[in-house]
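Here's the structure we're looking at; comments come further down.
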Amino acid sequence: MGERRGGGPDLSRRSLLKTTGAAVGLAGLSGCVDLIEGDADRDLGRLAEAETAFGNCWMCHHACGQQLQVNDGTIVDISGVDGHPRGSAGPGTEGTLCPKGLGEMEKAHDPDRITRPYVRKDGELQEVDWDEAFAYTADKLRDLAETHGPETFLDAASWTTTDLHEVVWRDLYGTPERIGRGRHVCFGGAHLSGNLMGVGADMRFVDYQNSEYIIAWGRNIFESFAGQWEPKGVLEALDNGATLVVIDPRHTPTAQKADHWLPIEPRTDGALALAMAHVIIEEGLHDEEFIQEWTHGFDTYEEAVADKTPEWAAEITGIDAELIREIAIGFAEAAPAAGIALWTGVGQYAESQKASQNVFALNGLVGNIDRPGGLRLWQGPPFSDPFEVRDIDLPNNAADETPALRKYDEYADQPYRHTTGIGHNIVPEMVENGHIRGIYTHYDNPINDGNSEAWMNALDEMDLVITVDAYWSELTRRADVVFPEAIQLEKDTLIDYAPAWSAYHDRRWMTASEAAVEPLGDSKPGFQILRGIAEEMGWGEYIPWESEAEYNEDMLANVEYSFEEIAEQNYVILEEFGYEAWRENGFGTPTNAFQFDLDEMDAYVRSLEEVEEMEGVELETGPQWLPPGTLGELPDEEYPLHFYDTRSVFFAFGADQPLSQQRSQYAARHGLQSADYEGNYLTINPADADPRGIETGDMVTVESADGAGELMAYVSERTPPGFLTAEFGFGEGVPHEEGFNTMMLHTEGVDPLSSQPDRHIPIEVHANGGDGA
Ligand SMILES: Nc1nc2c(c(=O)[nH]1)N[C@H]1C(S)=C(S)[C@@H](COP(=O)(O)OP(=O)(O)OC[C@H]3O[C@@H](n4cnc5c(=O)[nH]c(N)nc54)[C@H](O)[C@@H]3O)O[C@H]1N2
Ligand SMILES: Nc1nc2c(c(=O)[nH]1)N[C@H]1C(S)=C(S)[C@@H](COP(=O)(O)OP(=O)(O)OC[C@H]3O[C@@H](n4cnc5c(=O)[nH]c(N)nc54)[C@H](O)[C@@H]3O)O[C@H]1N2
Ligand code: SF4
Ligand SMILES: [Mo]
């Protein structure tokens, strides 16, 4: 298909965009719009007098453009922005918002939000003014640094629009420890593989619109997307005749749209990938030239797959051998216009680093990397470093601090310390040992990411918990300082996303918005909170920007637009970037090639050796089949069922469950709106439900070796027998406490190579008796 839009008019201004680019694949989008357009409350009388403003949706942090009508300080209407890189299908197409995005209107005026700063005095959280909150925080921070050293403090900030928190905590305060979302709790195994192999951790989005063959591998793109451009891009490809393959144990909304649904046995992706490679090589469908010139370790790979026939994989994965052959050939024949979308499904189990290495290797094999329709190496806008623009010479106070995880013998049994540094699960133990004593969280609740019970105790034990949040929860109630943050619609936002995947497969772009309404109550933007802390700590000279808008302006020093100009039109499309960036840049690995074999990655090799010793298994640096249970737990007699967390289109993590509009749409989708229950549902196949006497609407108890809890059952054929799921972000520890925090089932399970919490948990489930509905 190639560059369908190449040579078209200059797409650099939105006014132009609106008049160009015929409605690309609009017909195909109708299905998507059904799914993603909710029903915002519109007050037509007030709308008539309203003013227009823009936003960049921050509900799931993927920045779809929002058009707002604001009347007298109240948002009265919210909708998408046409042609927006993240919220539309590209030039000339309709911009929409998903149900979460529409929910941000309710969030803007949500009376349950925290709107005043609090500090802990005499053991109680007490409302204070900002001056006192900043002074209290600075005192405590100084105290912690003097008594125990700044290396005992942990930066756990996520979803910020600037990197200011890293400057404040790492460079100025001097903490070397940082927990990151992607690397540590999101798709840790695959994040590590992508980095080690040379395609980077963030390159998981296919050049959908140009693709002829899309494999959603452990991805539910029609329910969990990185902005709505993703499902829209898939629909456009389908409209153009592309094939969609979904590899998922569950029959998801994405599987419903697929040409082939492969209901794989959980955690066996690695075997399927090796067998596909076996077929591709056998059929001579691999890209010899790419392999020769641009890869490392092909011999090892070839050897690893030599005996991995589709028949061998069929036994393991439960997928018919002929179908495996068909998919492998279809994928390779369509390549390079063939891509694999991969994220959490192959990123969150104990064997996930190896499994994802096997899957990523297929890209190198067929040579689809950064070629039209393949695995796109997206390129972000050329932002400047505001500190460089202002000639600010930042100290590097963390440079000489050894992270505690590497410093003490207690953690010699954590092999991932060589590759990813600190892991989420180990933090409670580090707190117990006195090696972590304080934490800063921002838009991040570690309690529902894994090891929940231990994390709650750890937060109690820490000397200093500073949290920047919007809701009360077991995190904020346990804090010593609670800073109420303004939401995205209440602040000046410049989205600092690189690489910038979007509906514009060959263009860089930027999106920005000015505050549409005043911050609710006394809340403040995160930028002002960090700046306030910094000033009080005596670091004011390093952060001279009065406002986030000013800081944003300096990020744009290299760009022809001012912050205001971008914000006025919500987004701008910048210059083109070509395919095959590796021809110029290589792959940034020690061999400068795409690496099938990771033998040159010293830190990884060290972790491998330690895991071999600890687990008594033999590990290869190249692609390798690790059966489930090699590094994680398997169902057994006592806990015979397999549990896994999922997402729903109504909730972003555990962040918007407090909004009643989201919960009622979620209940309605399950037909359970009349139940006196607003928690998450345990989805269970009739084959497991019937013998246990469980029906939809019953309250049930789920139990693992590590914990137990209650939630409502939802009986459905869409999940296979033996595989139970529930949405995460509910229950004890999170803002919406009804339902069950699924990570109460979890303590120690991780992928020892990446530290990713293992979310595949053996469980048993019992009917509670009585009718919850
Ligand atoms: N609505 C919504 N959208 C979101 C988010 C959200 O919270 N809500 N979060 C965003 C974030 S942070 C992320 S990381 C992405 C995640 O995006 P996805 O990775 O698409 O997330 P999930 O919907 O959890 O899909 C994972 C799928 O993997 C399947 N699966 C489970 N075990 C296995 C296995 O062993 N093998 C295979 N092949 N599949 C398996 C599950 O059944 C599930 O359908 O979504 C983003 N978008
Ligand atoms: N059990 C389980 N845990 C998971 C996953 C899973 O599938 N299952 N997925 C993982 C993945 S992929 C990811 S990326 C991470 C995401 O993890 P996070 O981004 O950390 O999301 P949450 O843990 O839900 O934390 C959201 C926090 O933000 C607060 N909040 C809500 N609105 C605002 C706001 O406007 N401003 C501020 N400052 N705070 C706000 C909420 O009150 C809550 O405390 O979760 C991971 N954790
Ligand atoms: S996908 Fe939905 S929640 Fe995420 S940014 Fe876009 S509109 Fe907001
Ligand atoms: Mo994530």
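The values are calculated or read from the model by the stated rules, or taken from the named source; none is laboratory data. These numbers were taken from a predicted model, which means no experiment stands behind them. Positions of Cβ are generated from backbone atoms using ideal geometry, with glycine treated the same way; all protein chains shown enter the neighbour counts. Only protein heavy atoms, including side chains, enter the accessible area calculation; ligands, DNA and RNA are left aside. Shrake-Rupley method; radii C 1.70, N 1.55, O 1.52, S 1.80 Å.
Side notes on the structure shown:
- Calculated FRET efficiency for the pair Asp139/Arg390, C-beta based, R₀ 35 Å, to 0.05: 0.75
- Burial order of peptide ranges 93-106, 55-68 (average beta-carbon count within 10 Å, highest first): 55-68, 93-106
- Across region 641-771, the relative contact order, built from alpha-carbon pairs under 8 Å that are at least six residues apart, equals 34 percent.
- The alpha carbon centroids of region 270-346 and region 402-458 are separated by 37 Å.
- Taking the DSSP bridge list for the chain and keeping only pairs wholly inside it, about 50 percent are antiparallel.
- Which of Ala500, Thr52, Pro99, positive extreme of dipole for the chain (C-beta unit charges): Thr52
- Within-13-Å neighbourhood charge of Glu166 [Cβ basis; K, R +1; D, E -1]: -4
- About the Cα centre, charge dipole magnitude for the chain (Lys/Arg +1, Asp/Glu -1 at Cβ), debye: 1740 debye
- Here the peptides 631-641, 675-685 are ranked by packing, the mean other Cβ count within 10 Å, and the order with the highest first is 675-685, 631-641.
- Share of carbon and sulfur in the accessible heavy-atom surface of the chain [1.4 Å probe, %]: 41 percent
- Protection-proxy order for peptides 352-361, 596-605, each taking the mean of Cβ atoms within 10 Å per residue, highest first: 352-361, 596-605
- Measuring against 21 Å, Cα to Cα, the residue pairs Lys107/Lys491; Lys232/Lys491; Lys107/Lys524; Lys257/Lys354; Lys100/Lys232; Lys140/Lys491 contain Lys232/Lys491; Lys257/Lys354; Lys140/Lys491 as the ones spanning a longer distance.
- Over region 641-771, accessible surface divided per residue gives 32 Å², non-protein components excluded, 1.4 Å probe.
- Rounded to the nearest 500, the 222 nm mean residue ellipticity of the chain from helices alone is -8000 deg cm²/dmol, with -39,500 (n - 2.57) taken per DSSP H run of at least 4 residues.
- Percentage relative contact order, the chain, counting C-alpha pairs under 8 Å, at least six apart: 18 percent
- In the context of the full set of protein chains, region 212-353 has a per residue accessible area of 31 Å² (1.4 Å probe).
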